[in-house]
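The values are calculated or read from the model by the stated rules, or taken from the named source; none is laboratory data. Only a predicted model underlies this, so the values are computations on that prediction, with no experimental measurement involved. Virtual Cβ from ideal backbone geometry, glycine too; neighbours counted across all protein chains shown.
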Amino acid sequence: MTEIAIVGAGLIGRGWAFVFARAGFSVRVWDKDPAVLARLDEDVAAMIAQTAAFGQAGPDPEATRARIHAVPDLALALQGAGLVQESGPEVLEIKRALFAELDLLADPGAVLASSSSALLASVFASGLPGQARCLVGHPVNPPHLVPVVEISPAPFTDPAVTARAREIYAQAGQVPVMMAKEIDGFILNRLQAVVLAESLRLISEGYVDVQGLDDTIRHGLGRRWAFMGPMETISLNAPGGAADYLNRYGPMMAALARTSGREEAFTPEAAAKVAAAFSETSTPETVRARQNWRDSELAALAQHLAQRATPSVN
C-alpha cells in the first residue's frame, strides 16, 4: 500500500495522519517544531480514545496508532512516500519555500498535495521543476471526522496526478470532490462565506440573536445537510423535482439573494456581538473542551451515517 508523508503535525496534519493510518497506510510525520513532533503520539492516543467507541479509529485502534511514525528529518519522512500531504502555515512565502523543498526531496513519482484553505496551487507551486505533480487537497477540520476533501489542481497539474490523488484519498475513506478549475477559497469556503455573511448581517441588524441564528442552522438546514446537499434538498421540496422547485421559488430566492449580506457584513460590531454570545466559552481551555465535545459528536454522527449509508442517486 502507498506510504504517506505528512508535513506539519498541527491540528490538520495529525488529523490527516489519523485518516491514512486508520485506513491501513504507513504514515511518517514531520514538523519543524520538535516539541510538536514530540507530542504526536500523545495527541494520536487522545484521538483514539475519543473516536474508538464510535468505530472511527479503524478496525484495530492500536494498529492505527502504530502506523503513525514521528520522523525528525524531512528527507527521511519523504523517502518512499507516494503522497505528501503538506499542512503548514497558510502564508504564501512559507508555502512556496516549503513546496520547493518538497519538490527537491520527495521521490519523483510522489503526489505533492497541500491542505491549503485558500492559497491556489498555481500560486505557490508555479515554476517548480515538478509543478505538474502539485495540487491542493483541501480538507475540513477535523479531517478524520469530516471526510470531504476538495481536490483542486492547477492548470499545469498532470491529470494523471489528479486521478492518483483522488484514488489515494478514496482508499483512505475520504470523499474526494474534484474541481474542474481553480477558484479562490475552493468550494466549501466560498459557500461558507456566503452563509456566514448573511448570518452576521441578520444578527447585526437585529433580526435574530446569535443563539437563534445557530439554532436555525443546527435544527433546520443542518439537519438536512448532514446527509444531503442543497441541490438534492430542493429536488425533494417540489413534486416535480429541482426544475419544478426553481420554477416555483426561483424568483423569490433571487430577490432574497439580492438583499443578502456580502463583505460589508464582516464588521467589528458584528464580531463584538458574536463574541459576547460566547464570552464564557472563549478561553483556550474552554475552546479546547468544546472542540473535544464537537469531535465526539462528529464521531457519533459519522458512525450513524456509516450505518445508514445508502447508494448515491448521482
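Within segment 1-43, being within 18 Å of the chain's Cα centre (by Cα), in a loop (DSSP other than H, G, I, E, B) and among the hydrophobic types (A, V, I, L, M, F, W, C) holds for Ala9, Ala23. Is it the case that some residue within segment 134-143 is free of Cβ contacts under 8 Å to residues at least 60 places away in the same chain, touching a Gly at 6+ places or on another chain (Cβ under 8 Å) and closer than 15 Å to Ile12 by Cα? No, every residue in segment 134-143 fails to be free of Cβ contacts under 8 Å to residues at least 60 places away in the same chain, touching a Gly at 6+ places or on another chain (Cβ under 8 Å) and closer than 15 Å to Ile12 by Cα.
Which ones in segment 142-181 are acidic (Asp, Glu) and surrounded by 16 or more Cβ atoms within 10 Å (Cβ to Cβ)?
Glu150, Asp158 - these are the residues of segment 142-181 that are acidic (Asp, Glu) and surrounded by 16 or more Cβ atoms within 10 Å (Cβ to Cβ).
Residues in segment 37-52 that are within 23 Å of Leu301 (Cβ to Cβ), hydrophobic (A, V, I, L, M, F, W, C) and either touching a helix residue (DSSP H, G or I) at 6+ places or on another chain (Cβ under 7 Å) or in contact (Cβ under 8 Å) with a residue 60 or more places away in the chain (or both): 5 in all. The single condition among (1) under 30 Å from Thr267 (Cα atoms); (2) in contact (Cβ under 8 Å) with a residue 40 or more places away in the chain that Leu191 does not satisfy is (2). A search for C-beta distances below 8 Å between a residue of segment 223-243 that is surrounded by 13 or more Cβ atoms within 10 Å (Cβ to Cβ) and any residue that is acidic (Asp, Glu) and not in a loop (DSSP other than H, G, I, E, B), counting only pairs 6+ apart in sequence or on different chains, returns Ala238/Asp244.
Just checking, does segment 142-160 include any residue being in a helix (DSSP H, G or I) and among the hydrophobic types (A, V, I, L, M, F, W, C)? Yes. In summary, Ser114 fulfils each of the numbered conditions (1) surrounded by 21 or more Cβ atoms within 10 Å (Cβ to Cβ); (2) within 30 Å of His304 (Cβ to Cβ) with the single exception of condition (2).
Do the conditions hold for Pro268, that is, is it modelled with pLDDT under 90 and within 18 Å of Glu198 (Cα to Cα)? Considered against the rule, which asks whether it is modelled with pLDDT under 90 and within 18 Å of Glu198 (Cα to Cα), Pro268 comes out as yes. Among the residues of segment 117-138, those identified as surrounded by fewer than 24 Cβ atoms within 10 Å (Cβ to Cβ) and modelled with pLDDT of 95 or more are Leu119, Leu120, Ser122, Val123, Ser126, Gly127, Leu128, Pro129, Gly130, Gln131, Ala132.
In the set (1) in contact with a helix residue (DSSP H, G or I) (Cβ under 6 Å, 6 or more places away or on another chain); (2) of a type in the set (A, V, I, L, M); (3) crowded, with 22+ Cβ neighbours inside 10 Å, Ala81 fails one condition alone, (1). Exactly one residue out of Ala306, Ala300, Ala271 is in the same structural domain as Thr233 (by TED's automatic domain parsing) and not in a loop (DSSP other than H, G, I, E, B): that is Ala271. Figure legend. Inter-residue proximity from segment 207-218: first residues more than 12 Å from Val195 (Cβ to Cβ), second residues part of a helix (DSSP H, G or I), beta-carbon distance below 7 Å, spacing 6+ or different chains. Indicated pairs: Val208/Leu202; Asp209/Ile203; Val210/Ile203; Val210/Lys273; Val210/Val274; Val210/Ala277; Gln211/Ala277. Restricted to helices (runs of 4 or more DSSP H) entirely inside segment 44-106, those with at least 1 residues that are of a type in the set (D, E, K, R) and over 22 Å from Arg294 (Cβ atoms) are 61-66, 92-105.
Give just the number: which of (1) surrounded by 21 or more Cβ atoms within 10 Å (Cβ to Cβ); (2) over 16 Å from Ser126 (Cα atoms) does Leu102 not satisfy? For Leu102, the failing item is (2). Looking across segment 204-250, the residues that are over 30 Å from Leu301 (Cα atoms) and outside any loop (DSSP other than H, G, I, E, B) come down to Ser204, Ala243, Asp244, Leu246, Asn247, Arg248, Tyr249, Gly250. Checking segment 182-202 against the condition returns a match, with at least one residue being of a type in the set (Phe, Trp, Tyr), assigned to a loop (DSSP other than H, G, I, E, B) and surrounded by 13 or more Cβ atoms within 10 Å (Cβ to Cβ).
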